[in-house]
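Scroll down for the structure; my scribbles are underneath it.
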Amino acid sequence: MPRPKQTRNAMTQQLTGIYWLTGLSGAGKTTLTLGAADLLRAQGHPCLVLDGDIMRAGLSSDLGFSPEDRRENLRRAGEVARLVAQQGQVCLCAFITPYQATRNALRQRLGPLYREIFVSCPLESCVSRDPKGNYARARREGRTDYTGIGAPYETPDAPDVRVETNTSGIDDCVRTIVQFIYDSQPPRQGDR
């Protein structure tokens, strides 16, 4: 007799899903994903972190920053995230993802695995932080395609969670994200 189909999540009792952190450069997306990943791993839950630098160093090294290239970079990231989540792991994704239409397309393509976390921080604070020097470089080079300088960032319509890195500490934001990951898990067999 064939065994009933179970998701990887149900078999391993692991957390799973795609948690997509969106926000301006310098808002704290990568810092939060790394902090959440450390906390989840310490609690015995495997997870993978994807961010723009990781993708552009490998899978998306052939892409520039045109709107079409940005969409393709995010599509590729979404497909990697889907593979990770389907294997029963959490995938934490830190991408600016500036356009609502792109976020909507990700939500539609990735379905119930996808959760959107808006890392909110005013542009002025992001520019003053500028941990990678991106804003200064974009201004120096006269780049009009850089989000926040010449290209827009469209604030999410209805994120699943919003964290404010300008008014809340990193540890509080990480705890909020990790709690949301636990709270958003589908019911497991026997949990009814």
Item to complete: Output the number of residues of segment 167-192 satisfying the condition of being modelled with pLDDT of 95 or more, open to solvent by less than 100 Å² (accessible area, probe 1.4 Å) and charged (D, E, K, R).
Response: 1
Response to the item:
Counting only residues that are under 19 Å from N134 (Cα atoms), assigned to a helix (DSSP H, G or I) and not β-branched (V, I, T), segment 32-67 contains a total of 7
Worksheet item: In the set S60, S25, S66, which member is surrounded by 23 or more Cβ atoms within 10 Å (Cβ to Cβ), among the small types (G, A, S) and within 27 Å of R143 (Cβ to Cβ)?
Response: S25
Worksheet entry | Subset tally (residues that are open to solvent by 60 Å² or more (accessible area, probe 1.4 Å), closer than 21 Å to Q14 by Cβ and without any contact (Cβ under 8 Å) to a residue 12 or more places away in the chain) for segment 80-116 | 1
Fill in: The lone exception for V119 - which of (1) under 17 Å from W20 (Cβ atoms); (2) among the β-branched types (V, I, T); (3) free of Cβ contacts under 8 Å to residues at least 12 places away in the same chain it fails
(3)
Worksheet item: Based on what the data block shows, is I96 touching a Ser or Thr at 6+ places or on another chain (Cβ under 6 Å) and not basic (K, R)?
Response: yes
Worksheet item: Restricting segment 89-127 to residues that are in a loop (DSSP other than H, G, I, E, B) and of a type outside the set (S, T, Y), which is farthest from F65 (Cα to Cα)?
Response: Q89
Item to complete: Return only the number of the condition from (1) out of contact with any strand residue (DSSP E or B) (no Cβ under 9 Å at 6 or more places or on another chain); (2) among the aliphatic types (A, V, I, L, M); (3) modelled with pLDDT of 95 or more that L34 does not satisfy.
Response: (1)
Practice prompt. Taking only segment 1-23 into account, find how many residues are at pLDDT 95 or above and in a loop (DSSP other than H, G, I, E, B).
Written response: 1
Discussion item. Just to be sure before I move on: is R139 of a type in the set (K, R) and part of a helix (DSSP H, G or I) in the structure I sent?
Written reply: yes
Discussion item. From the list A138, A151, A158, exactly one residue is open to solvent by 50 Å² or more (accessible area, probe 1.4 Å), out of contact with any strand residue (DSSP E or B) (no Cβ under 7 Å at 6 or more places or on another chain) and of a type in the set (A, V, I, L, M). Which is it?
Written reply: A158
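The values are calculated or read from the model by the stated rules, or taken from the named source; none is laboratory data. For clarity, every value in this text was computed on a predicted model and none was experimentally measured. Every residue, glycine as well, gets a Cβ built from its backbone with ideal geometry; the counts of neighbours run over all protein chains shown. Note: accessible area is taken over every heavy atom of the protein model, side chains too, but ligands, DNA and RNA are not part of it. Shrake-Rupley method; radii C 1.70, N 1.55, O 1.52, S 1.80 Å.
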